[in-house]
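Below you'll find the structure, written out as structure tokens, and then a few comments.
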Amino acid sequence: MGEDLLKQLNFVKEKIGNTANESKREKNEVKLLPVSKNHSVDKINFFKSLGFNEFAESRVQELLKKNELIPDVHWHFIGHLQRNKVKYLMRLQNLKLIHSLDSWRLAKEINKRAAKNDRIIDVLLQVNVADESSKYGIDIKEVYDFLSDSRNLSNMRIVGMMTIAPYDIDSNELRSIFRRLYDKRSKMIAKGFDLKELSMGMSNDYQIAIEEGSTIVRIGSALFGKRGG
Ligand SMILES: *Cc1c(COP(=O)(O)O)cnc(C)c1O
């Protein structure tokens, strides 16, 4: 197991480094976030032994279970988050970032539960850039209003934006989606919002995402192999 994982990791790291280089970016501007959903605790522990201490999951139940078995890492939540599950995440002191804030009702729930737990929680606004790209995420046209309104939610801090690109499009379309989100972020920064992170890029499109300014790439299968192992 370890040999394969190491090979896959080295491959991905080299690609990230080279792509950053060619885009005149520093490679430490791009965080490699391993997406461990559907993958075993053994594999997570292997990456942990190599120094990784942040992992991403997309289902609350699975995250909680893995957290019991691997307590001393930090978790990112990247899946669609149902409001009735927010309270479970808020109890985890080692919850680092929610990438998938995709509605105003969810924002209010996160803020409320964070306040109850006396904490401020960092989130990314999930944006649906291509209209048909995903069921979830707010329309890119609504980003400014959402950010403005969220200033009143004092236990939740929006620290960037995230998008999931469609699978079935060509590289030009992909590039234009990532670029639109990057441009949107620049405009919002100019309006005074503090949006450090751009979570974009997965196993099949992370190079283009890095070329277009991604700061976090969410990599599952390219690191862990096929699902379920
Ligand atoms: C599963 C998942 C990923 C990782 O996908 P891979 O194609 O396996 O790299 C990234 N982001 C989100 C939101 C996911 O659900």
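Numbers below:
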{"item": "Any hit, segment 154-164, residues being assigned to a loop (DSSP other than H, G, I, E, B) and under 18 Å from the mean Cα position of the chain (by Cα)", "result": "yes"}
{"item": "Complete set of residues in segment 189-229 that are within 12 Å of the ligand (Cβ to nearest atom), among the hydrophobic types (A, V, I, L, M, F, W, C) and open to solvent by 10 Å² or more (accessible area, probe 1.4 Å)", "result": "Met202, Ala222"}
{"item": "Unique match (being part of a helix (DSSP H, G or I), among the hydroxyl-bearing types (Ser, Thr, Tyr) and in contact (Cβ under 8 Å) with a residue 12 or more places away in the chain) among Tyr136, Tyr88, Tyr167", "result": "Tyr88"}
{"item": "Filter result for Asp118 (acidic (Asp, Glu) and in a strand (DSSP E or B))", "result": "no"}
{"item": "Cβ pairs under 6 Å, 6+ apart, first in segment 59-78 and under 23 Å from Lys31 (Cα atoms), second of a type in the set (Phe, Trp, Tyr) and part of a strand (DSSP E or B)", "result": "Leu63/Trp75; Val73/Phe55"}
{"item": "Selected residue (only one of Lys87, Lys96, Lys108, Lys48 is more than 16 Å from the ligand (Cβ to nearest atom), charged (D, E, K, R) and open to solvent by 80 Å² or more (accessible area, probe 1.4 Å))", "result": "Lys108"}
{"item": "Residues of segment 139-153 satisfying the condition of being part of a helix (DSSP H, G or I) and surrounded by 16 or more Cβ atoms within 10 Å (Cβ to Cβ)", "result": "Ile140, Val143, Phe146, Leu147, Ser150"}
{"item": "Neighbours by Cβ (under 6 Å, 6+ apart or cross-chain): first from segment 196-215, closer than 17 Å to Val129 by Cα and among the polar types (S, T, N, Q); second within 9 Å of the ligand (Cβ to nearest atom) and open to solvent by less than 10 Å² (accessible area, probe 1.4 Å)", "result": "Ser199/His99; Ser199/Met162; Ser214/Gly201"}
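The values are calculated or read from the model by the stated rules, or taken from the named source; none is laboratory data. All values derive from a computational prediction rather than experimental measurement. Glycine also receives a Cβ, built like all others from the backbone with ideal geometry; neighbour counts cover every protein chain displayed. All accessible areas refer to the heavy atoms of the entire protein, side chains included, with ligands and DNA or RNA removed. Shrake-Rupley method; radii C 1.70, N 1.55, O 1.52, S 1.80 Å.
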